Amino acid sequence: MMSYSIAGKELRLKRLLPSGRGVVFAFDHGVEHGPSDFPREYINPRTIIGKIIEAGVDAVMMLPATAFMTRDLWIGKTSLIVKITSKTNLRPENERLLQSIFGYVEDAVALGAEAVAATVYWGSQYEDAMLRQWFEVKRLAEKYGYPSLQLSYPRGPAIKNMYDVEIVKYGVRAAIESGADLIKTYYTGSLESFREVVEAASGIPVLMSGGAVRERFIDFLRDVENVIRAGGRGVVVGRNVFRHKNPGGAIRAIMKVVHEEIPPEEAIKYAE
Ligand SMILES: O=P(O)(O)OC[C@H]1O[C@](O)(COP(=O)(O)O)[C@@H](O)[C@@H]1O
């Protein structure tokens, strides 16, 4: 029996990485970090999601309920990635390296998403529980022909520096061997070191996780440029966009660097 779901995955991956690369706006911070992560005017998801979609982003990544409440903004306009794990920082400190189920693969299918996303904190004391979650997501996503995006976030008591290239490479290697179709992981600080991360992915697309807000937006664009030059396939970014004075412009600038390889010094003009 042929597995038609292989075609479904290929179709959805193509939509997510239109030029072979993609720019995704991550907006799951309301749970992961708390509403204080947002400037006050973006507390309502509809405000910021509307601006980002108007700017032409390739995809938005949200939890299922947020995707549903903003559906009139993204339907027919951009691709959707449904993240189905999360956790709050209201938890006791020692329980924050575990994510919980925040929806189901069937929710992503019902919403017409292009992919499902789940986090694995490699090295966490809860790594085993997160892997059980991951493989359950993977099992159903395969059945429905959905690519699985793994947020490969090495974090835990034995990890001194989660941005260290050897640690990030280990998380990426574990991600491909756990069947990730797309990987989102940390920027390792340089083109050379991120090239090693891409090599460790052995052909599975790697997207840079935006990370903390850079001192200057041009520095963020330069990191994105390094990721692309290192063979990365794009970026999944939240804070460096929704905390920018012109979030739509910031997305336009990032799109220029990722899809057209415009130098950051020029691309930044779109964010003015
Ligand atoms: O790495 P942290 O601080 O836990 O942040 C996790 C957040 O980062 C992301 O992975 C990417 O968003 P950012 O660009 O803001 O880092 C979000 O999807 C997630 O909520």
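Some points to look at:
- Meets criteria (β-branched (Val, Ile, Thr), in contact (Cβ under 8 Å) with a residue 60 or more places away in the chain and either within 22 Å of Pro205 (Cα to Cα) or more than 14 Å from the ligand (Cβ to nearest atom) (or both)) for Ile81: yes
- Applying the condition of being among the aliphatic types (A, V, I, L, M) and within 13 Å of the ligand (Cβ to nearest atom) to segment 19-56 and asking which residue is surrounded by the fewest Cβ atoms within 10 Å (Cβ to Cβ) yields Val31.
- Test: residue in segment 256-271 that is within 16 Å of the ligand (Cβ to nearest atom) and in a loop (DSSP other than H, G, I, E, B): no
- A search for C-beta distances below 9 Å between a residue of segment 24-37 that is more than 17 Å from Thr185 (Cβ to Cβ) and any residue that is among the hydroxyl-bearing types (Ser, Thr, Tyr) and near the ligand (Cβ under 6 Å from one of its atoms), counting only pairs 6+ apart in sequence or on different chains, returns nothing.
- Of the residues making up segment 219-246, those that are within 9 Å of the ligand (Cβ to nearest atom) and surrounded by 18 or more Cβ atoms within 10 Å (Cβ to Cβ) are Val235, Val236, Val237, Gly238, Arg239, Asn240, Val241, Phe242.
- Complete set of residues in segment 178-198 that are under 19 Å from the mean Cα position of the chain (by Cα), part of a helix (DSSP H, G or I) and either more than 16 Å from the ligand (Cβ to nearest atom) or among the basic types (Lys, Arg) (or both): Arg195, Val198
- Identity of the residue in segment 18-47, among the charged types (D, E, K, R) and assigned to a helix (DSSP H, G or I), that ends up nearest to the chain's Cα centre (by Cα): Glu32
- Total residues in segment 60-73 satisfying the condition of being touching a Phe, Trp or Tyr at 6+ places or on another chain (Cβ under 9 Å) and more than 11 Å from Phe27 (Cβ to Cβ): the figure is 2.
- In this structure, Ser86 does satisfy being buried (at least 16 other Cβ atoms within 10 Å of the Cβ), within 14 Å of the ligand (Cβ to nearest atom) and among the polar types (S, T, N, Q).
- Residue count for segment 148-177 under the criterion of being in a loop (DSSP other than H, G, I, E, B) and surrounded by 24 or more Cβ atoms within 10 Å (Cβ to Cβ): the result is 1.
- Test: residue in segment 202-218 that is farther than 27 Å from Gly56 by Cβ, surrounded by fewer than 23 Cβ atoms within 10 Å (Cβ to Cβ) and either of a type in the set (Phe, Trp, Tyr) or away from the ligand (no atom under 14 Å from the Cβ) (or both): yes
Values in this text are rule-based calculations from the coordinates and carry no lab data. Being a predicted model, the structure only gives us computed values, none of them experimental. Heads up, the Cβs are rebuilt from the backbone with ideal geometry, glycines too, and the neighbour counts pull from every protein chain shown.
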